Each structure stands twice: as structure tokens, then as C-alpha cells.
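One structure is given here, and the rest of the page talks about it.
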There are 2 protein chains.
Amino acid sequence: MPYFDAASAAPLHPVARQALLASLDEGWADPARLYREGRRARMLLDAAREAAAESVGCRPDELVFTPSGTHAVHTGIAGALAARRRVGRRLVHSAVEHSSVLHSADAHVAGGGSVAEVPVSSYGAVDAADFVREAAVEGTALACLQSANHEVGTLQPVEEVAHACREAGVPLLVDAAQSLGWGPVAGPWSLLTASAHKWGGPAGVGLLAVRKGVRFAAQGPADEREAGRSPGFVNLPAVVAAAASLRAVRAEADAEAARLRALVERIRAGVRAGVPDVEVVGDPVRRLPHLVTFSCLYVDGESLLHALDAEGFSVSSGSSCTSSTLTPSHVLRAMGVLSEGNVRVSLPWGAAEEDVERFLRVLPDAVAGVRGALGAPTEAGGGVPAGDSLVVDALGKRCPIPVIELAKVIGDVPVGGTVTVLADDTAARLDIPAWCGMRGQEYVGETEEGRYVVRRTQ
Amino acid sequence: MPYFDAASAAPLHPVARQALLASLDEGWADPARLYREGRRARMLLDAAREAAAESVGCRPDELVFTPSGTHAVHTGIAGALAARRRVGRRLVHSAVEHSSVLHSADAHVAGGGSVAEVPVSSYGAVDAADFVREAAVEGTALACLQSANHEVGTLQPVEEVAHACREAGVPLLVDAAQSLGWGPVAGPWSLLTASAHKWGGPAGVGLLAVRKGVRFAAQGPADEREAGRSPGFVNLPAVVAAAASLRAVRAEADAEAARLRALVERIRAGVRAGVPDVEVVGDPVRRLPHLVTFSCLYVDGESLLHALDAEGFSVSSGSSCTSSTLTPSHVLRAMGVLSEGNVRVSLPWGAAEEDVERFLRVLPDAVAGVRGALGAPTEAGGGVPAGDSLVVDALGKRCPIPVIELAKVIGDVPVGGTVTVLADDTAARLDIPAWCGMRGQEYVGETEEGRYVVRRTQ
């Protein structure tokens, strides 16, 4: 039963399992205690910190363990912003950061701070010069840039940005949740966050590194543990397992990355060849080795996920943190790409080639099944022109119905004529222009809220 | 090798271990996902929540899992205070709460709130009427009272206080970290917090229950997990293990409590019989079944811990959260009891009677060894009176030296004469009056800071 959602949570790595079991017996006591069980726990904690710091590329005393990647991000951003409050209260981040960064930014704004969001290309990457220009604006307390995007796999120009931020004297926090298993983050970043269950470590462990010399003022109630930066009794068995598995996956990372990269190439090509009206999104070259995302016209993502699940494939759609909200993912929105029928495939360590091949065999029928159930057009309408312009009322209809209705009638207006789609599902804002791009029709614009005008050009 | 520090962290219960192992394979995926691994994780999470809620005595939708007991306290206090900000910004708590409560209170004061601390008796319990009087003061947003004290084991009158708080319309948060394994907290409390590794569950799991109808506004960056009250990917295997082990320890709690209560009685009697100049502190009746604390005159706690560790006994001294700070525990201070040579014995589930007996055999020599090394007096001085008054300069000398110096010269002044001790170790403020009480001498007072006057009365 192939699981293809490693970017959400990876199954436990055998080394993590082994280390966890061993430290359940050795590492349950309080490492702050002076008796033998405490000393043993302290030794395990120190060793785990050293191993993790080596993998991150920082000093052990720069690294603390948090209860999750989300905690690392919340804590890192809040602490860095508070420490530079005198400099200013401006936070800069890319438009495609993880929700933990965006929620921290919202909390910052609610507390009186300001935020500047740097847009991304249609591949999902910031332009390094654009990002640095924003970061260098006076009053910027902190800049945040992910190492790689969690939804589309695109790498960000983190190294270049880190150098420029250092020159500008602005600390850079890198959310490395998706990439740390594959290798360290290059460049002189100031803060770094990560999450163990993304690389096959256990749940319950995040990393927060704060380089020496970077000002940091932990927020919230004080606590003496983890250098005062992460409160609560440390989850030591999980921490030990996290550090051990990070080292283990790193030892195999280059070979496994090459293998998975080839499988992802195979998916990119196979999806395009096997599924009509599909858009593979994200940077085709500067990307994570194991992750590929595509969107299927006239398809509702949730139905497609169910169809694939019925065939035994576990994949995700849109953002992991927005999937329950029914709004299109903020990442796809920022990229301006098709959001309907969105599927993210993220291969776990050791994913089997035969599973990938079977996925490619199963996918076309799964997509066709959803399209059929939704009454999607199989080709452009081509009926008798009904007049120079048509209005399609898709109010109250959910994605992808508005686009399907548009596609059904575009042939009913003459070349030069227009179709106006009325739709209140916000996905239409993304998907109608994307459809126009895929079909070579002209997107005139949203003339008023929820009123989308398309001109037939062919 | 007997471990007698269960109040700090209990070794993993066999049921916790078994549940943890099972759910490592079944519960690593994201429970928010729709595919089978996610659904399986969701089922495990729902079942764990139901089991834990049943043990707590609340509805499943009133309970969230947090990364630690400390997180539960920080989150619970911040959320309850914020939700009642219009009512007022006053926080009431007992003087002997866990440091996570005190640190939350400090953060509240730093943010402009106010705090009222309710004193405790020499047994460490609040008077219910005193507590309720403070809680009922207008502008009180929240009252916090532990179910049982973590250092001396004294039970608080939580049920009575909960009823009165409900009548007064003031929410009560009960920190049940030390008692939840032994039984549910009675009474109509509003919020409850606990920590799994105290009852033999794994590290990395706290509980926060917020009863329906209690106003609550989660603070910090938003996150959709755990009803918006505990951010980050849930540590599901640990959560499952926590719930399963809570149920397991509850099934044996009455029988084990009776057994350990008898062993603690044996320690209380054995310590008094075997060690001269010892004070057993905490309520002798209304107490946790497994915990006993005593203080030894003329002994330095850390040396005694090392001596006991060398004999194979793991015990703690003072508060778990203040032991590294060299100041006497705030709990012993609030109780006004002797703090020097303080030892907390907290028996884990299944503690063996023969280990307790060996502890009682070993303890007198361990105490005598430390006293000998410190040059403690074996009896009151009794030399030729040197005059009506004496001054002992113990500045720069750490506890228990000031008390030892006092004891050495008290016989050198006549009955009615005074000894003045100069000491800058803050433990003297607690230990010199305590010594006077134990020796039947009169404590005149601290006439100026660090200047303690004692009158010889016998």
C-alpha cells in the first residue's frame, strides 16, 4: 500500500525506531537531576544535541529541541522579533511560507507589527534580489525564507539571500522543514527551524538553531530548560531518535535523492503523457528530489484523492495546513497556477519504482472518473454561436464546476465574443485565468467581485 | 538500583511502552489527512482522547493534548486570562504552585496584569476560605490551585474551592500533575492540566481540559490542530501511550496507593527514629500516597543527595524546578519550614519494600557523614559563657554553615543572652527560625537584612 505523502509525515525510519526503543529505557528521567538516571539522561541529551547540531551545521549550544517544527517557527520568529524591537517591527517573508510562519506573521500584526510579503514566480520561488530589497528596508527586524516549498518542492535562493541579509545586518530565519533530511542549509543564516517527522524521525521533535551573536529574547513564561528557549520537560527518547535518524538519512541522502529524482522525473513525464489537461507545477530543476505537484483541469481535488486512496495511494492536495478549509492553497494562489484537481506526490525514503509505475497506470482512469462524474467537457463545445456574449451563472457551485461550465460554452460564442462566469467559490479567481492560459483564450479580468470575463480568441 | 523520584519523572509503565510501540507503526501519519494512514491515525487520536477524557472526568471535546504539562499550564492560564480580560486582570494562585504556574504569573504581571498569592499553612495547604476570599475579589479573571503539592505531597482543598469558585463565578484552573494518576479531581473545576510522564506515560504529552462554558481564548499564533488550543503536529504514539497508561494505572491505583501509603508511613517513622534533628514536612494525613519530604538540620542537601546516590538511591531535593538555582525552594519557604538537608522521596509504582528498608538503614550514616564533613555540632555547646551576647560572622558561607555556627556557640551565652548571626545565604532566613523552633530557642528576628538574632531560652 504505497504512501506518497512524505512531505506531510514520513514513516518512522528504522534507526529512529531503534534509538527510540533504546532510550525509552535509558532516557525517561529528568536530565537536570544529579542522580545516575538523570546523568544518563543528560548524556543522551548532550549526545543528541551534538549529533543534531553537526547535521544542521551549527554549534551544539546554538541548538534547542522544541516539541514540533511549528513550535520552533513560532518560538524562533517571536524571539527574534522581540529582540530587535528597537530596530523596528517589520517582518519580511515570502508569499509561500508554511502556515506556521504565516500565523506567526498574523500574530505579529495583531500585536502592532507590520509584515511585508515577497511575491514568487509561477514556479514558486522568490527572486533573491526582490527578497533582499524588502529585507533591507529600514525597520526590518526579521526576514523569513523557507529552504524549499512544502507544496510544490521549489527550492528558494536561500544561500544568496542569507549572504545579502548578513551584509544588510538583518537576521534571516530559514524554515528548513522540507529539506533538512537532504542536506544542511548553505549560507550564513541566523536562525533555522526544522521538524523531525519530516525526515523519518518521530513526531514531537522540532529543532531551533539560533546562531551566536543573533539577538534573541524568548517570549512567554520563563522556563530553565533548553537554554530558556523551549519550555517543558524534554521528550528525550524522541529527541534521541530524531538526532540518530537525521544522521542516518543524511548518510544515504545523495544516493536516495538521485534515485527519487529519477522517479519524480518519471512521474512528471508520465502525468503529462497520461492525463489530458494537466499542469505540472513548481520548478522542474531547482526542486526537492522527492516531491512533485500537478493540477488537473475539471477535477475536484478531494474526489481525486478518494479515487486514488481507493486504489491504495496516499497523496495530498493543496497545503497540508489548509486542506480542511476548502480554500485553494495560498502557495498555488501566490504562484498564480491552476489549483483545481491538485495532487502532491511526495515519495518517502525507499519508495518502490513499481509503485510509481502503478500510480501512473491508475491515475488517468482516476482523473477521467472524476471528470465524468462532474460532467466535464471532453472537447471544446463548438455548438452554434448563441450570440456575442454569454453569461454562465455558477454561483453557489464549488470548484471545479465554474470552470467546467465555462469550458462547455466557450464554443458557443464566436471568436472575439466573451463568456462571463459568475462564481463565488474563490478558487475561480485562480482557476479561470489558469484555464485561459492552458486553452489559449484571453482572460479579460474580474470586472467586479465574482464576475470573471473571458474572450474567445481561437 | 532503587529510583525514588517518581514525582519528577516516572519510569515508563509497561502498558505505555506497549501502546507506544504499537502506535509507532499505526500512528505516524497526519490525523488530518483523508487517506487510510491518516484515518487510522485519526481513529487512534479519537480513541486516546476519549480514554483520557474518561480518566479526567470530562467530555472528549473538552480535552486537548499538549507537548508537556508545562505547555498545558502556560496555555491554560494564558487562554483563560485573555478570555476574561474584560472582567479584570487579576490572577490568584497559592504560594506553593509549580514553577510553570509561577512563571505564567510573572509573564502576566510583565504584561500589565496583577497577581495575588494565597499563603499556605506550615503543612503546605491553603485554607479554603482564604483562597476563595481572594478568588472572589472583583476583577479576578482566574484562580489556580494545584491538586497536590509536588514537593511535600500535601493535598489542597480543591473540591471545596471549586464549588465556591463556581458560586463566585470565577474559573478555577487545577494543576493536577501530581495526582491525576491516583484519581480524578473532584469538584466543578473549570480548567485542568496534567503531565503524562508523572503517571508512567511517555514524555512529550500534557493534558489541558477546558470545561464547556468556560471562556477561553488561545494565545499565540493560530493553529488548527487540537481545537486551536495546542499548535504543532500531534505526537500521536506518545498520546496513545499516555492515555492507555493513565487507564492502566487508574485500574491499580487504590491498591497501589494503599501499599505505598504504608511504605511512606514506614519512611516517616523510620526517618524520625533513625536520624537526629530531622523535620518531616507536609501534611501527615491529607497527602499523596507515595511522597514524603524531610529536612535534616546541619546538612547540605546536595551533599546528602550525592551520598544517597553513591548508595544507589535516586531522590531529589527542594523543588525540581529550582534545584539548580541554589535558593531554597519556594514551597518550603512558603511553609516556613527548615530547608537545609531537604530530601524528597517519591516512590514509583511497584517500589519494593526491601528497597525502602535499605534506604532507612543507609540514611542515618549518610546524614552523619555529611554532618561530620561540615563539622556540625553533635550537642549544644555548653562552654563558659563569653558574655551576654555574641556575633557569628557567617557571611559568604553557604547553607547549612550559618546554622551550624549558631548551634556551636548558643551554649556560650547565658540563658537570656543573644547570638547574632550575619549571613548572606538566603536559606538562613528560613533555617535559623526553623532551628530555633526545633531547639526551643527564641527567634528574635532579622533586625536588618542578613542579621539574625536568637535569644537563648534554655
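Restricting to region A:78-91, and then to whatever is under 17 Å from A:Glu134 (Cα atoms) and crowded, with 24+ Cβ neighbours inside 10 Å, can you tell me which residue is nearest to the chain's Cα centre (by Cα)?
Only one residue tops the list, namely A:Leu91.
Can you find even one residue in region A:200-215 that is closer than 18 Å to A:Ala53 by Cα and either of a type in the set (S, T, N, Q) or not assigned by TED's automatic domain parsing to the domain that holds A:Glu26 (or both)?
Scanning region A:200-215 turns up no residue that is closer than 18 Å to A:Ala53 by Cα and either of a type in the set (S, T, N, Q) or not assigned by TED's automatic domain parsing to the domain that holds A:Glu26 (or both).
Which one is surrounded by the fewest Cβ atoms within 10 Å (Cβ to Cβ) among residues in region A:118-140 that are charged (D, E, K, R) and under 19 Å from A:Gly169 (Cα atoms)? Lay out the reasoning, then the answer.
Of all residues in region A:118-140, those charged (D, E, K, R) come to A:127, A:130, A:133-134, A:138.
Filter once more, keeping what is under 19 Å from A:Gly169 (Cα atoms): A:130, A:133-134, A:138.
On the way: A:Asp130: 15, A:Arg133: 14, A:Glu134: 20, A:Glu138: 7.
The residue in question is A:Glu138.
Against the definition (touching an Asp or Glu at 6+ places or on another chain (Cβ under 6 Å), among the small types (Gly, Ala, Ser) and within 11 Å of chain B (Cβ to nearest Cβ)), how does A:Ser230 come out, yes or no? Walk me through how you get there before you give the answer.
Values: touching an Asp or Glu at 6+ places or on another chain (Cβ under 6 Å): no; among the small types (Gly, Ala, Ser): yes; within 11 Å of chain B (Cβ to nearest Cβ): yes.
Here the answer is no, as A:Ser230 does not meet what is asked.
Is it the case that region B:283-294 has a residue that's surrounded by fewer than 24 Cβ atoms within 10 Å (Cβ to Cβ), charged (D, E, K, R) and within 12 Å of chain A (Cβ to nearest Cβ)?
So far as region B:283-294 goes, no, none of its residues is surrounded by fewer than 24 Cβ atoms within 10 Å (Cβ to Cβ), charged (D, E, K, R) and within 12 Å of chain A (Cβ to nearest Cβ).
Could you go through region B:269-279 and let me know if any residue there is touching a Leu at 6+ places or on another chain (Cβ under 7 Å), not hydrophobic (A, V, I, L, M, F, W, C) and not in a helix (DSSP H, G or I).
yes
Identify the residue in region B:56-75 that is within 22 Å of the chain's Cα centre (by Cα) and aliphatic (A, V, I, L, M) and, among all such residues, is surrounded by the most Cβ atoms within 10 Å (Cβ to Cβ).
Per the criteria, the residue is B:Val73.
Cβ-Cβ under 9 Å, sequence separation 6+ or interchain: first residue in region B:242-253 and within 13 Å of B:Leu207 (Cβ to Cβ), partner basic (Lys, Arg). Which pairs?
The qualifying pairs are B:Ala243/B:Arg49; B:Ser245/B:Arg17.
Can you confirm whether region A:112-124 contains a residue that is more than 26 Å from A:Ser8 (Cβ to Cβ), in the same structural domain as A:Gln219 (by TED's automatic domain parsing) and free of Cβ contacts under 8 Å to residues at least 24 places away in the same chain? Write out each step before concluding.
Step one: of region A:112-124, the residues more than 26 Å from A:Ser8 (Cβ to Cβ) are A:112-116.
Checking the rest, the ones that are also in the same structural domain as A:Gln219 (by TED's automatic domain parsing) come to A:112-116.
Add one more test, that the residue is free of Cβ contacts under 8 Å to residues at least 24 places away in the same chain, and what stays is A:112.
The answer is yes, given that some residue of region A:112-124 is more than 26 Å from A:Ser8 (Cβ to Cβ), in the same structural domain as A:Gln219 (by TED's automatic domain parsing) and free of Cβ contacts under 8 Å to residues at least 24 places away in the same chain.
Okay, residues lined up against (1) in contact with a Ser or Thr (Cβ under 6 Å, 6 or more places away or on another chain); (2) part of a helix (DSSP H, G or I):
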{"residue": "A:Val15", "(1), (2)": "yes, yes"}
{"residue": "A:Ala19", "(1), (2)": "no, yes"}
{"residue": "A:Leu24", "(1), (2)": "no, yes"}
{"residue": "A:Arg42", "(1), (2)": "no, yes"}
{"residue": "A:Asp46", "(1), (2)": "no, yes"}
{"residue": "A:Ala51", "(1), (2)": "no, yes"}
{"residue": "A:Cys58", "(1), (2)": "no, no"}
{"residue": "A:Asp61", "(1), (2)": "no, yes"}
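Which of the following residues is in contact (Cβ under 8 Å) with a residue 12 or more places away in the chain, facing chain A (nearest Cβ under 8 Å) and not in a helix (DSSP H, G or I): B:Ala7, B:Ala32?
Values: B:Ala7 fails: facing chain A (nearest Cβ under 8 Å).
Of the residues listed, the single one that is in contact (Cβ under 8 Å) with a residue 12 or more places away in the chain, facing chain A (nearest Cβ under 8 Å) and not in a helix (DSSP H, G or I) is B:Ala32.
Please find, among B:Ala164, B:Ala217, B:Ala176, the residue that is under 30 Å from B:Ser23 (Cβ atoms) and not polar (S, T, N, Q). Walk me through it before giving the result.
On the way: B:Ala164 fails: under 30 Å from B:Ser23 (Cβ atoms); B:Ala217 fails: under 30 Å from B:Ser23 (Cβ atoms).
Sole residue among the options that is under 30 Å from B:Ser23 (Cβ atoms) and not polar (S, T, N, Q): B:Ala176.
Does B:Leu173 satisfy being surrounded by 23 or more Cβ atoms within 10 Å (Cβ to Cβ) and either part of a strand (DSSP E or B) or at pLDDT below 95 (or both)? Spell out how you get there, then give the answer.
Numbers: surrounded by 23 or more Cβ atoms within 10 Å (Cβ to Cβ): yes; either part of a strand (DSSP E or B) or at pLDDT below 95 (or both): yes.
So B:Leu173 fits the description; yes.
Can you tell me which residue within region B:98-147, out of those that are of a type in the set (A, V, I, L, M, F, W, C) and part of a strand (DSSP E or B), is farthest from the other protein chains (Cβ to nearest Cβ)?
Checked region B:98-147; the qualifying residue farthest from the other protein chains (Cβ to nearest Cβ) is B:Val118.
Conditions: (1) under 24 Å from B:Leu20 (Cα atoms); (2) away from chain B (no Cβ under 11 Å). A:Arg59 meets all but one. Number of the miss?
In the conditions (1) under 24 Å from B:Leu20 (Cα atoms); (2) away from chain B (no Cβ under 11 Å), A:Arg59 misses (1) alone.
Taking B:Thr66 as the residue in question, decide whether it is in contact (Cβ under 8 Å) with a residue 12 or more places away in the chain, touching a helix residue (DSSP H, G or I) at 6+ places or on another chain (Cβ under 6 Å) and within 12 Å of another protein chain (Cβ to nearest Cβ).
Details: in contact (Cβ under 8 Å) with a residue 12 or more places away in the chain: yes; touching a helix residue (DSSP H, G or I) at 6+ places or on another chain (Cβ under 6 Å): yes; within 12 Å of another protein chain (Cβ to nearest Cβ): yes.
Yes: the conditions hold for B:Thr66.
Before we move on, is B:Val87 touching a residue at least 40 places away in the same chain (Cβ under 8 Å), more than 14 Å from chain A (Cβ to nearest Cβ) and more than 26 Å from A:Gly206 (Cβ to Cβ)?
On the way: touching a residue at least 40 places away in the same chain (Cβ under 8 Å): yes; more than 14 Å from chain A (Cβ to nearest Cβ): yes; more than 26 Å from A:Gly206 (Cβ to Cβ): yes.
So B:Val87 fits the description; yes.
Would you be able to say whether some residue in region A:248-266 is more than 15 Å from A:His13 (Cα to Cα) and either of a type in the set (Ser, Thr, Tyr) or within 14 Å of another protein chain (Cβ to nearest Cβ) (or both)?
Our first condition is that a residue be more than 15 Å from A:His13 (Cα to Cα); within region A:248-266, this holds for A:254-255, A:257-266.
Restricting the remaining residues to those that are either of a type in the set (Ser, Thr, Tyr) or within 14 Å of another protein chain (Cβ to nearest Cβ) (or both) gives none.
No; the residues of region A:248-266 include none that is more than 15 Å from A:His13 (Cα to Cα) and either of a type in the set (Ser, Thr, Tyr) or within 14 Å of another protein chain (Cβ to nearest Cβ) (or both).
Just for region A:301-352: of the residues that are modelled with pLDDT under 85 and part of a helix (DSSP H, G or I), which one is nearest to A:Ala255 (Cα to Cα)?
A:Ser323
List the residue pairs whose Cβ atoms are under 8 Å apart, where the first residue sits in region A:297-318 and is away from every other protein chain (no Cβ under 11 Å), the second is of a type in the set (Phe, Trp, Tyr) and in a helix (DSSP H, G or I), and the two are 6 or more positions apart or on different chains.
Pairs found: A:Leu297/A:Trp435.
Looking only at residues that are among the hydrophobic types (A, V, I, L, M, F, W, C) and under 20 Å from A:Ser179 (Cα atoms) in region A:10-29, which one is nearest to the other protein chains (Cβ to nearest Cβ)? Steps first, please.
So the first thing to find is which residues in region A:10-29 are among the hydrophobic types (A, V, I, L, M, F, W, C), and the list is A:10, A:12, A:15-16, A:19-22, A:24, A:28-29.
Checking which are under 20 Å from A:Ser179 (Cα atoms) leaves us with A:10, A:12, A:15-16.
Numbers: A:Ala10: 8, A:Leu12: 5, A:Val15: 13, A:Ala16: 9 Å.
Applying the filter and picking the extreme gives A:Leu12.
For A:Ala53, indicate whether it is in contact (Cβ under 8 Å) with a residue 40 or more places away in the chain, surrounded by 24 or more Cβ atoms within 10 Å (Cβ to Cβ), more than 11 Å from chain B (Cβ to nearest Cβ) and not β-branched (Val, Ile, Thr).
So A:Ala53 does not fit the description; no.
The values are calculated or read from the model by the stated rules, or taken from the named source; none is laboratory data. Since the structure is predicted, the reported quantities are computational estimates derived from the model, not experimental observations. Positions of Cβ are generated from backbone atoms using ideal geometry, with glycine treated the same way; all protein chains shown enter the neighbour counts.
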